[in-house]
Amino acid sequence: MSTHAHVERHLTSYKTYILVWLALTIFTAITIAVSYVNFGVLNIVIALAIASFKAALVALFFMHLKSEDKVTWIFALYPIALLALLIGLNISDIFYRVTP
């Protein structure tokens with residue numbers, strides 16, 4: 001019998017985690033700052049772009065998707081593709097509605 005303990009090694013360094021955390025904090029501050037500026041219709045686009053970037057950082061580094069295999073990537077991207085399909089279908093429905 002071996003008395004060696006199982007030692008887990010971090011795939012990502014603590015420095016990387018801190019840098020990602022700082023980036024998330026900075027982009028949260030940018031989100032708050034942008035919310036006070038009126039860009040018209042682009043407000044939603046800008047907010048979703050910032051949120052998507054932050055979600056990608058969380059998925060890649062904190063959920064360790066950066067170092068996963070292709071099958072895991074398929075399972076991670078499948079719901080995003082379904083969401084894009086649903087949003088696209090909702091947007092296309094706007095063009096077929098008749099306004100009285």
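Quick check on my filter: what residues within segment 56-72 are within 22 Å of Leu24 (Cα to Cα), open to solvent by 60 Å² or more (accessible area, probe 1.4 Å) and in a helix (DSSP H, G or I)?
Passing the criteria: Phe62, Lys66, Ser67.
So that you can scan it fast, the table gives a plain yes or no per residue for (1) free of Cβ contacts under 8 Å to residues at least 40 places away in the same chain; (2) surrounded by 12 or more Cβ atoms within 10 Å (Cβ to Cβ); (3) not in a helix (DSSP H, G or I):
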{"residue": "Thr16", "(1), (2), (3)": "no, yes, no"}
{"residue": "Ala33", "(1), (2), (3)": "yes, no, no"}
{"residue": "Gly40", "(1), (2), (3)": "yes, no, yes"}
{"residue": "Ile44", "(1), (2), (3)": "yes, no, no"}
{"residue": "Tyr78", "(1), (2), (3)": "yes, no, no"}
{"residue": "Ile87", "(1), (2), (3)": "yes, no, no"}
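The values are calculated or read from the model by the stated rules, or taken from the named source; none is laboratory data. Keep in mind that this is a model prediction, so the values were computed, not measured. In this analysis, Cβ positions are derived from the backbone assuming ideal geometry, glycine residues included, and neighbour counts consider all displayed protein chains. Only protein heavy atoms, including side chains, enter the accessible area calculation; ligands, DNA and RNA are left aside. Shrake-Rupley method; radii C 1.70, N 1.55, O 1.52, S 1.80 Å.
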